[in-house]
Amino acid sequence: MHPHQNQILILDFGAQYTQLIGRCVRELNVYCEIFPFDVDAERIREFNPCGFILSGSHASTYEDHDTRAPAIVFDSGVPVLGICYGMQTMVSQLGGEVENAARHEYGNARVHCYVPSCLTGKADRTLAVWMSHGDRVTRLPAGFEVVGTTENCPFAIIADASRHYYGVQFHPEVTHTVNGKELLSRFVHDICGCGSDWVPESIIRNQIAWARAQVGGDHVILGLSGGVDSSVVAALLQRAVGDQLTCIFVDTGLLRLNEGDQVMETFAAHMGVKVVRVEAESEFLDALKGVVDPEQKRKIIGCLFVEIFERESRKIDNARWLAQGTIYPDVIESAGHKHGKAKVIKSHHNVGGLPEDMGLQLLEPLRELFKDEVRRIGIELGLPEKMVYRHPFPGPGLGVRILGEIKKEYADLLRQADAIFLEELHKNDLYDEISQAFAVFLPVKSVGVVGDNRAYEYVIALRAVETVDYMTASWKPIPYEVLGNISSRIINEVRGVSRVTYDISEKPPATIEWE
Ligand code: XMP
């Protein structure tokens with residue numbers, strides 16, 4: 001996107017932790033990118049890194065002869081850090097030997113460093129590290145020395161100080177490796193000589209200059225959803241091109257309580273962003289009438305969103321650019337998926353087809369950023385913390401949280417119950433400990449006693465989960481008193497609800513959403 005002076009290139013050999021290495025390096029305020037290990041040498045040359053990090057892998061150096069670092073890595077004269085498999089392939093490519101270890105090492109270990117090195121500092125220190133490997137180095141290439149060993153691993157840290165090549169058998173990028181961040185910092189800052197210039201202010205400055213140069217005098221449109229990514233794009237482009245930006249906010253009628261007003265308040269009233277608010281509740285409710293199948297509901301909501309967005313964008317003169325909140329994990333090419341993910345255009349409303357149909361060019365100012373960086377620049381740009389650290393909300397919104405047919409009456413009840421739930425989580429300092437929390441509307445009537453009479457009223461289910469990747473999730477053990485209070489508030493304050501239940505299912509097999 002734009003040149004960085006100090007940058008690290010991470011070559012991915014297919015390990016599950018490669019993105020974590022990238023995030024650690026970025027947290028050290030150094031720009032880095034991740035390329036698959038078999039990328040064209042030309043792209044590496046163009047990237048011109050100050051250092052390479054070779055990731056781990058499931059591969060084995062003596063079985064997978066093709067899974068090797070490209071020659072340019074060792075020809076370019078810049079420092080190299082090999083992590084786990086990355087160290088093994090470096091050893092094997094430079095003339096050493098790697099074998100299948102009699103004992104596999106997995107879990108915590110202690111490395112004793114006998115000699116000083118630029119990677120580990122002074123001699124005679126012990127590092128608590130996390131290991132996961134079957135193969136191990138048995139003979140070092142010429143020029144290398146052993147820096148540290150564990151009980152089972154005689155070559156836990158190796159170095160060739162004259163060529164600035166380093167290898168670690170453990171994983172410095174995981175939190176279990178207590179001094180991992182320190183080692184990575186020594187590598188990128190001291191050994192590669194990278195400055196700490198990748199900080200929110202400079203990211204914002206760069207992206208503003210880049211966006212201005214791209215857009216020139218043209219007009220940009222952006223689908224604002226109220227989610228973190230599109231909100232940060234709006235705030236950034238407002239600084240970059242001001243009045244040349246028009247945001248389109250489609251109120252589907254399936255949003256959370258007062259969400260539309262909050263978006264208008266934050267962006268239009270406080271930040272002076274031009275926002276077109278499209279009131280489309282009745283259009284969505286009409287299109288969804290009588291539909292009970294979850295996937296069909298998703299399809300209808302997605303298609304109608306695109307139709308409305310397109311209709312509104314055509315009203316904006318001079319629009320040449322469509323801005324999107326695509327972030328780095330959406331576009332990283334990992335080993336084995338070289339041509340897969342890169343072309344995917346992310347949008348939870350599937351507006352991906354729009355630029356082609358409408359002759360718009362894509363503008364993706366967050367394309368280089370990890371989610372935590374997006375949040376940090378969002379705060380720096382003055383967005384409210386509550387917006388930046390909000391739980392994710394699915395594109396179809398309450399459409400998949402009202403089971404079966406969607407009706408306005410149901411959406412209104414659900415919005416109120418959901419708002420009470422979230423308010424109580426905030427009040428009890430639980431919101432930030434939870435990855436995603438929401439209420440679900442069950443269209444069944446259960447018996448309750450209202451006054452002296454039996455009444456048959458609706459049921460609300462509460463869901464709160466903790467997860468890192470949203471692929472697996474655990475239900476959150478919320479204290480009983482808090483749950484009790486939430487339940488009485490919902491039953492007392494939301495007319496039409498007489499029963500509240502708490503969902504204690506794990507994912508898998510249950511999904512996070514109920515539909
Ligand atoms: P599940 O329910 O599959 O959800 O465990 C995992 C994560 O994905 C979100 N989700 C969606 N997001 N469109 C979206 O943009 C959808 O159709 C959709 N369905 C689920 C869900 O909220 C959770 O964060």
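Nothing in this text is a laboratory measurement; each read-out follows from the coordinates by a stated rule. A quick note: this is a predicted structure, and the numbers were derived from the prediction, not measured. When we count neighbours, we look across all protein chains shown, and the Cβ atoms used for this are built from the backbone with ideal geometry, even at glycine.
Quick check: residue separation of Asn453 and Val199 times 0.36 nm, minus the Cα distance between them. What number comes out in nm?
Details: separation 254, 0.36 × 254 = 91.44 nm, distance 6.30 nm.
That works out to 85.1 nm of additional length.
Rounded to the nearest 20 Debye, what is the dipole magnitude of the range 407-502 about its Cα centre when Lys and Arg each give +1 and Asp and Glu each give -1 at the C-beta?
Details: 11 positive and 14 negative charges, 107 e Å.
Value, rounded to 20: 520 debye.
Can you tell me the length gained on complete extension of the stretch Glu46 to His219, counting 0.36 nm per residue apart and subtracting the Cα distance? If you can, show how the numbers build up before the last one.
Working: separation 173, 0.36 × 173 = 62.28 nm, distance 3.12 nm.
Roughly 59.2 nm would be gained on extension.
Just from the alpha-carbon atoms, what are the Rg and Dmax of the range 7-191 in angstroms?
According to the Cα coordinates of the range 7-191, Rg and Dmax are 14.7, 42 Å.
The range 206-270: percent of C-alpha pairs farther apart than 18 Å?
Details: 754 of 2080 pairs.
Percent of Cα pairs beyond 18 Å in the range 206-270: 36.
For the range 7-158, what is the percent of antiparallel DSSP beta bridges, rounded to the nearest 5?
Values: 18 of 31 bridges.
Looking only at bridges with both residues in the range 7-158, the antiparallel portion is about 60 percent.
Please list the radius of gyration and Dmax for the chain, considering alpha-carbon atoms only, with Å as the unit.
26.5, 89
From the C-alpha gyration tensor of the range 363-515, pull out the three semi-axes of the equivalent ellipsoid (sqrt of 5λ each), sorted largest to smallest, in whole Å.
31, 16, 16
Quick one: Lys315, Lys445, fewest Cβ neighbours within 10 Å first, how do they rank? Present the calculation step by step, with values, prior to reporting the outcome.
On the way: Lys315 10, Lys445 14.
The order, fewest Cβ neighbours first, is Lys315, Lys445.
Could you tell me which of Ser55, Phe35, Phe187 has its Cα farthest along the dipole of the chain towards the positive end, charges placed at Cβ (Lys, Arg +1; Asp, Glu -1), taken about the Cα centre?
Phe187
Given a Förster distance of 56 Å, report the FRET efficiency between Arg125 and Asn485 from their Cβ-Cβ distance, rounded to the nearest 0.05. Can you show the working numbers first?
Values: r = 50 Å, r/R0 = 0.90.
Here the calculated transfer efficiency is 0.65.
Using the Cα centre of the chain as origin and beta-carbon charges of +1 (Lys, Arg) and -1 (Asp, Glu), tell me which of His65, Val80, Gln7 is placed farthest towards the positive end of the dipole.
Gln7
Given C-alpha coordinates of the range 453-515, what is the ratio Rg to Rh with the Kirkwood estimate of Rh? Can you show the working numbers first?
Numbers: Rg = 13.8 Å, Rh = 13.1 Å.
Ratio of gyration radius to Kirkwood radius for the range 453-515: 1.05.
How many angstrom lie between the C-alpha centres of the range 109-128 and the range 53-83?
The range 109-128 and the range 53-83 have Cα centres spaced 24 Å from each other.
Just to confirm my numbers, what's the Cα centroid distance between the range 190-255 and the range 378-410 in Å?
Value for the Cα centre distance between the two parts: 21 Å.
Roughly speaking, what % of Cα-Cα pairs in the range 203-319 are separated by over 19 Å, rounded to a whole number?
Pairs farther apart than 19 Å: 51 percent.
Where in the range 214-231 does the amide nitrogen come within less than 18 Å of the point 7 Å from the Cα of Asn318, taken along Cα to Cβ?
214-222
How far apart, in nm, are the 7 Å Cα→Cβ label points at Arg311 and Asp261?
Calculated label separation equals 2.6 nm.
For Lys476, Lys122, what's the fewest-to-most ordering of other Cβ within 10 Å of each Cβ? Before the final figure, lay out each step's value.
On the way: Lys476 19, Lys122 9.
Exposure proxy ranking, most exposed first: Lys122, Lys476.
What does the charge dipole of the chain about its Cα centre add up to, to the nearest 20 debye, if the Cβ of each Lys and Arg holds +1 and the Cβ of each Asp and Glu holds -1?
On the way: 51 positive and 70 negative charges, 67 e Å.
My answer is approximately 320 debye.
Pull up all non-local amide H partners of Val98: gap of 5 or more, or a different chain, and H-to-H distance under 5 Å with H placed in the peptide plane.
Thr138
With 10 angstrom as the radius, rank Asp12, Asp293, Asp503, Asp229 by how many other C-beta atoms surround their C-beta, starting from the fewest. Could the numbers behind the result be given before it?
Values: Asp12 28, Asp293 11, Asp503 14, Asp229 22.
Least to most surrounded, the residues fall as Asp293, Asp503, Asp229, Asp12.
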